[in-house]
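The values are calculated or read from the model by the stated rules, or taken from the named source; none is laboratory data. Since this is a predicted model, take the numbers as computed values, not measurements. When we count neighbours, we look across all protein chains shown, and the Cβ atoms used for this are built from the backbone with ideal geometry, even at glycine.
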Amino acid sequence: MSVHSEHQIGSGSSATVLKIIVLALFAVITAIVAVSFAAHHMRIGFEKEYMHQVNVKIEQLASTSSLLISGDEILADPAAAQTKYASVLPAMLIDSTEENQSHKIYGLYSYSGGTLTPLLQSSSEGLLATQIPVSDWLTTDAAAYKIENEGQVTILTPIKDSQGKVVALYEASATYSFVDAYGNAVERRVLKSVLVAVAAGMVLFSLQFLIPAIVHKARGKGVSY
C-alpha cells in the first residue's frame with residue numbers, strides 16, 4: 001500500500017471520528033435541552049394545578065367558616081364573641097402535619113364606621129384585611145373578596161347581622177411559597193439525572209473505540225520475533 005493511500009485512509013478515519021464526536025455532542029446537548037424543557041413544562045403545569053386546588057380549598061373553608069360567625073353576637077358583645085370564636089375557628093383551618101405544605105391563617109374583625117377592629121388574628125404576619133381599602137371588599141352584595149399574591153391567596157368575607165348590615169369581616173388565607181423552592185429542587189434533580197445518564201452513555205460509547213485499540217495493542221505485544 002502506498003504512502004498516499006495510507007494517508008487517505010488515515011484522513012478518512014479522522015474525518016469519520018470527528019463526525020461521530022460532533023454528532024454525539026449534538027445528541028447530548030439536544031437531550032439535555034429537551035429533558036430540561038420537559039421538566040420545566042411539567043413543573044409549570046404542576047404549580048398551576050396546585051395553586052388552583054389551594055384556591056378552591058381556601059374558598060370553601062372561608063365560606064364554611066363564615067357561616068359559623070354570627071354578626072349579631074359580634075355586635076352585641078365583641079369580647080364574648082372573641083372568646084367563642086377563638087376556640088371555633090382554629091378547628092376549621094387545620095394545617096397539614098407534613099412539611100412544606102400550604103399554611104393557613106385567619107383573622108376576625110369587627111366593622112363599624114369604615115374601620116376594622118381586630119378581634120382574632122392567628123398570625124402576626126401575612127394577614128391583609130387592615131391593609132386593603134374598605135371600598136374594595138364592602139360591596140352592595142357583600143360577596144367574598146379574593147386577593148391573589150405570589151404564593152398566597154386571601155379571602156375576605158363580610159359578616160352581616162340579622163338586619164343585613166355588615167358588622168364584621170372574616171379573613172382566611174393560605175400561603176404556598178414552598179412551591180417555587182420545590183420546583184427548583186425537582187428541576188435540579190432531573191438535570192443531574194440527565195447528566196449522569198449522558199456521562200454513562202458517553203463512557204459506553206467510548207468503549208467501542210477503546211476496546212479494539214486495547215485488544216490490538218495486546219495482540220501486538222504478544223507477537224514474538
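Before moving on, here are some points about what is shown:
- In region 155-172, of all residues being of a type outside the set (A, V, I, L, M) and in contact (Cβ under 8 Å) with a residue 60 or more places away in the chain, the one that is farthest from residue 44 (Cα to Cα) corresponds to 162.
- Residue that is under 17 Å from residue 159 (Cβ atoms) and touching a Phe, Trp or Tyr at 6+ places or on another chain (Cβ under 8 Å), where the choices are 106, 111, 85: 106
- Given (1) under 17 Å from residue 169 (Cβ atoms); (2) in contact with an Asp or Glu (Cβ under 8 Å, 6 or more places away or on another chain); (3) at pLDDT below 90, number of the condition residue 101 does not satisfy: (1)
- Unmet criterion (only one of (1) in contact (Cβ under 8 Å) with a residue 24 or more places away in the chain; (2) loosely packed, with under 14 Cβ neighbours inside 10 Å; (3) over 30 Å from residue 112 (Cβ atoms)) for residue 148: (3)
- Criterion applied to 110, 135, 162 was being assigned to a loop (DSSP other than H, G, I, E, B), polar (S, T, N, Q) and over 27 Å from the mean Cα position of the chain (by Cα), and the one residue passing it is 162.
- Residue count, region 138-154 (criterion: touching an Asp or Glu at 6+ places or on another chain (Cβ under 8 Å), at pLDDT 90 or above and either part of a loop (DSSP other than H, G, I, E, B) or within 19 Å of residue 48 (Cα to Cα) (or both)): 3
- Members of region 32-82 that are modelled with pLDDT under 85 and basic (Lys, Arg): 43, 48
- Test for residue 136: is it more than 20 Å from residue 60 (Cβ to Cβ), without any contact (Cβ under 8 Å) to a residue 24 or more places away in the chain and either touching a Lys or Arg at 6+ places or on another chain (Cβ under 8 Å) or acidic (Asp, Glu) (or both): yes
- Scanning region 174-215 for residues that are closer than 30 Å to residue 67 by Cα and either out of contact with any helix residue (DSSP H, G or I) (no Cβ under 7 Å at 6 or more places or on another chain) or among the basic types (Lys, Arg) (or both) turns up 175, 177.
- Here 46, 37, 26 are screened, and the one residue that is surrounded by 14 or more Cβ atoms within 10 Å (Cβ to Cβ), more than 18 Å from residue 104 (Cα to Cα) and not small (Gly, Ala, Ser) is 46.
- Selection of region 36-69 for residues being within 19 Å of the chain's Cα centre (by Cα) and of a type in the set (A, V, I, L, M) yields 38, 39, 42, 44, 51, 54, 56, 58.
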